[in-house]
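Asker: What follows is a single structure, and I will ask about it in a moment.
Bear in mind that the values in this text are calculations on the coordinates, not laboratory data. Since the structure is predicted, the reported quantities are computational estimates derived from the model, not experimental observations. Cβ placement follows ideal geometry from the backbone for every residue including glycine, while neighbour counts extend to all protein chains displayed.
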Amino acid sequence: MNLSSVEQSLYNFLQQSPFDIGFFHPYIVDFAIVVPLMALFFHFIAVLTAGNECTNKGYVNAANLLFFASFILIVMAYLTGIAQDRHLRDLLPKLGQGTYDAHAKLGTYLALGYAILLLFKIISMIVKKDALRYVVGTLFFFLALLLIYQDVIGISLVYDYGAGVAIAE
């Protein structure tokens, strides 16, 4: 598997760490999927209730809080995914290895995409223009779709190919 130099250095650092954070990947990814979807839901409600200031302020605050929490969770899911044992790929069948590679690459792209979206979100909070909020919502929607697809690939790895499942004899 071809890792970029940044991913390779992160992998080496996390492998030499006394803590095995790769163990937490299955637990963190559940939150890294649900929390962004909740943030997107509150963001769209805030856009739809833009005329009502009292209601809108609560939805905007909830959407912003959940968005920043989702960014942290996605970064944590990315780091725990890198920290998982790379020998896991070699234990998979050939088709499973291709699925694993797609899952790893899409995870990298999602982490970068959410970092860019974070930048746009901060700019939209400073500028406070509706057009920029709509752009952020649209980008957030497409990244959420990619996140759901990433979940489907991960589920396929676990249930179709047995990735990360210990077999007791």
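Asker: If you fit an axis through the alpha-carbon atoms of helix 5-16 and take the longest principal axis of the Cα set of the chain, what angle between them do you get, 0 to 90°, nearest 10?
Answerer: Here the helix axis deviates by roughly 70 degrees.
Asker: Can you pull a Stokes-Einstein diffusion coefficient for the stretch 101-149 at 10 °C (1.306 mPa s), Rh from Kirkwood over Cα pairs, as a whole number of µm²/s?
Answerer: 140 µm²/s
Asker: Moving on to the next point. Rounded to the nearest whole Å³, what is the per residue volume of the convex hull around the Cα atoms of the stretch 121-169? Before the final figure, lay out the partial values.
Answerer: Values: hull volume 3.5 nm³, N = 49.
For the stretch 121-169, the hull spanned by Cα atoms encloses 71 Å³ per residue.
Asker: Same structure, new question: Note the angle between two axes, namely the Cα long axis of helix 53-83 and the longest principal axis of the Cα atoms of the chain, as a number of degrees from 0 to 90, rounded to the nearest 10.
Answerer: Rounded to the nearest ten degrees, it is 20.
Asker: Which of the lysines could a cross-linker bridge to residue 128, judged by Cα under 22 Å and excluding same-chain residues fewer than eight apart?
Answerer: Filter leaves 57.
Asker: Divide, for the chain, the radius of gyration over alpha carbons by 2.2 N^0.38 Å, where N is the residue count.
Answerer: Its radius of gyration relative to the 2.2 N^0.38 Å reference: 1.17.
Asker: Want the number for residue 23 to residue 132: 0.36 nm per residue separation, take away the alpha-carbon distance, what's left?
Answerer: Answer, rounded to one decimal: 35.4 nm.
Asker: Can you tell me the order of 112-123, 35-46 when each peptide is scored by its average per-residue count of other Cβ atoms within 10 angstrom, highest first?
Answerer: 35-46, 112-123
Asker: Need the list of lysines near residue 105 for cross-linking: C-alpha distance under 26 angstrom, and skip anything on the same chain fewer than eight residues off.
Answerer: Leaving aside lysines fewer than 8 places away in the same chain, those within reach of residue 105 are 94, 121.
Asker: Something else about it: Per DSSP helix of 4 or more residues, -39500 (n - 2.57); summed, then divided by the residues of the chain. What does that give at 222 nm, rounded to the nearest 500?
Answerer: Value at 222 nm, helices only: -28500 deg cm²/dmol.
Asker: Just subtract the alpha-carbon distance of residue 146 and residue 108 from 0.36 nm times their residue separation and send over the number in nm, one decimal.
Answerer: Details: separation 38, 0.36 × 38 = 13.68 nm, distance 1.17 nm.
My answer for the length gained is 12.5 nm.
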